[in-house]
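As structure tokens, the structure follows; a few thoughts come after it.
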Amino acid sequence: MPLIAPFVTEVDFSTGVMSAPGYVLQRRLSDMAAMYADEAAASRILAGEGDRLIYEVQGVELPVEEGQIPHCTTRITPGQVGGEYHMTKGHYHARREQGEVYFGLSGRGYLVMQTESGETDVREMVAGSAAYVPPYWAHRTVNAGNGDFVFFSVWEARAGHDYGTIERDGFRKLVVMRDGQPAVVDNPKYD
Ligand code: PAN
Ligand code: ZN
């Protein structure tokens, strides 16, 4: 394994901005319109208002090899698409046996998780929440607040990301706004 010099990254808790990110990635509505339960609402937003930013990821670049510990911030913007709060795409790790830690930096949201054998778990996250995503759980984060929801993630380099399974099947649970409040409901598109 090549020797990597230790380094420190300054993180702005309210924006997720890193002092010298190795990569910055933006996900817009057009990147994930089909992931919202109300695809027609997504199309209306794209045709009317345009391609809004849903989330931004800033992370350090490390080699994909045993023992490396990648980490990044994610900032999810506030808003809804057809009543469903802005969210990440969500994924299983390609190597299902790899877990992950999330740490809330600002705002509030939900961590939606499920396994391939049918378990679901939805946890609230605020600034200061340290959430553990155990091996075998797909994970998606949702911004249920009025401002940005920002969190920090740490995982093992070889975990890899399997987006295809969630793109095809979705999550069993959605977080939607009901009477102005977040509510966890069954996904009508899930079968
Ligand atoms: C996180 C996520 C990040 C963006 O760092 O990758 O929040 O979400 P998506 O990857 O689902 O677009 C993580 O879980 N890494 O493994
Ligand atoms: Zn992950």
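The values are calculated or read from the model by the stated rules, or taken from the named source; none is laboratory data. Only a predicted model underlies this, so the values are computations on that prediction, with no experimental measurement involved. Counting neighbours? That spans all protein chains shown, and the Cβs are built from the backbone with ideal geometry, glycine included. The area values use the complete protein model at the heavy-atom level, side chains included, leaving out ligands, DNA and RNA. Shrake-Rupley method; radii C 1.70, N 1.55, O 1.52, S 1.80 Å.
Points worth noting:
- Of the residues in the stretch 7-27, none is touching a helix residue (DSSP H, G or I) at 6+ places or on another chain (Cβ under 9 Å) and within 13 Å of ligand 1 (Cβ to nearest atom).
- Boolean, Tyr110 is within 16 Å of ligand 2 (Cβ to nearest atom), within 14 Å of the chain's Cα centre (by Cα) and among the hydroxyl-bearing types (Ser, Thr, Tyr): yes
- Among (1) more than 25 Å from Met177 (Cα to Cα); (2) away from ligand 2 (no atom under 16 Å from the Cβ), the one test that Glu116 misses: (2)
- Taken together, the residues in the stretch 1-60 that are open to solvent by 60 Å² or more (accessible area, probe 1.4 Å), without any contact (Cβ under 8 Å) to a residue 12 or more places away in the chain and outside any helix (DSSP H, G or I) amount to 9.
- Matching residues, the stretch 149-177, being more than 11 Å from ligand 1 (Cβ to nearest atom), over 18 Å from Glu119 (Cα atoms), open to solvent by 30 Å² or more (accessible area, probe 1.4 Å) and part of a strand (DSSP E or B): Met177
- Options Ala130, Ala183; residue that is more than 19 Å from Thr77 (Cβ to Cβ), more than 16 Å from ligand 2 (Cβ to nearest atom) and surrounded by fewer than 14 Cβ atoms within 10 Å (Cβ to Cβ): Ala183
- Scanning the stretch 110-138 for residues that are under 15 Å from Lys173 (Cα atoms) and either in contact (Cβ under 8 Å) with a residue 60 or more places away in the chain or outside any strand (DSSP E or B) (or both) yields Tyr110, Val112, Thr115, Glu116, Ser117, Gly118, Glu119, Val122, Trp137.
- Residue within the stretch 97-109 that is part of a strand (DSSP E or B), open to solvent by less than 50 Å² (accessible area, probe 1.4 Å) and among the hydrophobic types (A, V, I, L, M, F, W, C) present: yes
- Looking across the stretch 110-148 at every residue that is at positive phi and in contact with a strand residue (DSSP E or B) (Cβ under 9 Å, 6 or more places away or on another chain), the one that is nearest to ligand 1 (Cβ to nearest atom) is identified as Tyr136.
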